[in-house]
1. Quick one: what pairs do we get from region A:216-245, first residue at positive phi, second at pLDDT 95 or above, C-beta under 6 Å, 6+ apart or different chains?
2. List the number of the failed condition for A:ARG223; all other conditions in (1) in contact with a Phe, Trp or Tyr (Cβ under 7 Å, 6 or more places away or on another chain); (2) part of a helix (DSSP H, G or I); (3) among the charged types (D, E, K, R) hold.
3. Do the conditions hold for B:ASP19, that is, is it buried (at least 16 other Cβ atoms within 10 Å of the Cβ) and outside the structural domain of B:ALA146 (by TED's automatic domain parsing)?
4. Inspect region B:118-140 for any residue being surrounded by fewer than 20 Cβ atoms within 10 Å (Cβ to Cβ), of a type in the set (A, V, I, L, M, F, W, C), modelled with pLDDT under 95 and not in a loop (DSSP other than H, G, I, E, B) and give the result as yes or no.
5. Any residue in region A:102-117 that is within 14 Å of chain B (Cβ to nearest Cβ), crowded, with 21+ Cβ neighbours inside 10 Å and in contact with a Gly (Cβ under 9 Å, 6 or more places away or on another chain)?
6. Residues that are within 16 Å of A:ILE129 (Cβ to Cβ) and in contact (Cβ under 8 Å) with a residue 12 or more places away in the chain: does region A:28-49 have at least one?
7. For region B:122-162: of the residues being small (Gly, Ala, Ser) and facing chain A (nearest Cβ under 9 Å), which is farthest from the ligand (Cβ to nearest atom)?
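The values are calculated or read from the model by the stated rules, or taken from the named source; none is laboratory data. Computed from a prediction, not measured in an experiment: that's the story for all the values here. All Cβ positions, even for glycine, are placed from backbone atoms using ideal geometry, and neighbour counts span all protein chains on display.
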Amino acid sequence: MASSNHNLSIAQYAIGLGDDALTLGHRLSEWCSHGPYLEEDIALINISLDYIGRARMFLDHAATVEGEGRDEDQLAYFRDDREFRNRLIFELPRGDFAETIARQCIVDPFYVLFFEALMQSKDPVLAGIAGKAIKESRYHWKHTHSWMLRLGDGTAESHQRILTALDEVWGYHFELFEMTDLDRELLDAGIAVDLAALKPKWDSMIDEVLTAATLTRPEDTWRQSGGRNGEHTEHLGHLLTELQFIQRAHPGLQW
Amino acid sequence: MVAIQTRAEIQALLDQVFDPEIPVLTVTDLGVIRGVDIQPGLIRITLTPTYSGCPAMNTIEQDIRAILASTGCAVEIDTVYAPAWSSDWISDAGREKMRDYGIAPPEKDTHSKKVLMGADPTIECPHCQSTQTKLISEFGSTACKAMYHCDDCLQPFDYFKCI
Ligand SMILES: [Zn+2]
């Protein structure tokens with residue numbers, strides 16, 4: 001039946017977006033009590049909470065349109081790493097503070113542009129989530145932007161460390177703009193976002209902040225992707241071990 | 001046969017449901033209740049979250065169910081995301097209560113403001129009304145607040161973010 005295939009595509013799309021948010025939300029939550037100082041600790045945890053909230057909304061939507069009796073918790077806690085569809089940049093270890101900010105520097109402007117576009121989706125739930133999330137992502141970007149200036153234009157050491165961190169994560173940004181067959185199918189249906197079309201605007205946002213932060217843009221010498229096909233780095237398994245432990249040990253536990 | 005509740009009766013009950021994180025604000029003050037549909041034996045509430053990950057929303061939902069249980073009606077709660085909640089929806093009464101509680105209320109009219117990406121707005125200290133205040137952190141004790149400091153009375157305070 002065509003309509004049920006269509007629903008499965010939407011479910012798959014929402015699972016990808018949910019997995020992106022879940023893995024990054026988890027990575028940011030790892031800063032809890034490890035932030036460089038109290039206010040920053042709280043900031044990263046607040047941002048983490050926004051991502052976990054998005055993960056819940058996307059996965060709940062996926063479970064609803066899929067209609068196979070699963071719920072958001074089953075999707076989050078009872079799938080193995082090869083079933084996760086998050087893009088690789090989100091599962092990378094939190095690293096030090098520079099690495100966390102470098103990833104946010106790539107991700108925040110992407111989300112500002114992505115949610116702006118997803119708000120036009122013909123799927124009303126996806127559009128609704130986007131309308132909510134874009135306000136948060138603009139706020140996150142403001143926070144990351146100010147840190148880029150402080151680190152890049154700070155001391156010689158902070159400059160060097162944010163530069164190195166950016167270099168290490170740079171090759172993962174391409175995947176954010178890669179269109180899968182699923183993306184193309186749902187783009188034709190007016191539901192998905194044209195990711196490739198976001199790239200020029202993203203480039204100019206990145207160039208603006210790097211210039212202001214006296215940083216040189218890393219060269220495009222390598223790239224890595226595969227997350228949307230379930231091909232992950234070794235880090236995802238370790239992340240899921242911690243994220244899923246309690247539900248795997250005590251299925252259905254509530255508190 | 002369960003009597004049909006009047007809108008005023010339902011509203012009076014909802015006015016007893018408070019935000020667990022800012023306990024002077026009712027859910028109505030906060031603007032998260034987007035619809036109340038009353039039918040014989042059934043009350044349907046439409047709720048919208050403030051922030052995607054706001055942990056208070058589950059508590060609010062449970063509290064609404066608990067208080068409406070006294071009507072004997074079935075209660076349905078629908079969560080909607082669109083239109084997205086805006087701090088503009090906080091009532092004037094809510095802003096007043098917030099200030100008395102020591103939290104600077106959000107600036108009004110998010111649309112005409114460059115608050116999100118532009119210059120920081122001037123925030124009035126809820127303790128002494130001074131405008132000599134400065135931002136300490138964009139993020140505060142809950143998802144909805146930022147931290148400020150007053151240069152006149154030297155007190156720190158929370159500012160309810162404008163989104
Ligand atoms: Zn003061």
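1. So the pair list comes out as A:GLY230/A:ARG82.
2. (2)
3. On the way: buried (at least 16 other Cβ atoms within 10 Å of the Cβ): yes; outside the structural domain of B:ALA146 (by TED's automatic domain parsing): yes.
Taking the combined requirement at face value, the residue satisfies it.
4. Yes: region B:118-140 contains one or more residues that are surrounded by fewer than 20 Cβ atoms within 10 Å (Cβ to Cβ), of a type in the set (A, V, I, L, M, F, W, C), modelled with pLDDT under 95 and not in a loop (DSSP other than H, G, I, E, B).
5. The answer is yes, given that some residue of region A:102-117 is within 14 Å of chain B (Cβ to nearest Cβ), crowded, with 21+ Cβ neighbours inside 10 Å and in contact with a Gly (Cβ under 9 Å, 6 or more places away or on another chain).
6. At the first step, the residues of region A:28-49 found to be within 16 Å of A:ILE129 (Cβ to Cβ) are A:49.
Adding the requirement that they be in contact (Cβ under 8 Å) with a residue 12 or more places away in the chain leaves A:49.
For region A:28-49, residues within 16 Å of A:ILE129 (Cβ to Cβ) and in contact (Cβ under 8 Å) with a residue 12 or more places away in the chain: present.
7. Filtering region B:122-162 for residues small (Gly, Ala, Ser) gives B:130, B:137, B:140-141, B:143, B:146.
Imposing the further condition that a residue be facing chain A (nearest Cβ under 9 Å) reduces the set to B:137, B:140-141, B:143.
Numbers: B:SER137: 18, B:GLY140: 17, B:SER141: 18, B:ALA143: 24 Å.
Of everything passing the filter in region B:122-162, B:ALA143 is farthest from the ligand (Cβ to nearest atom).
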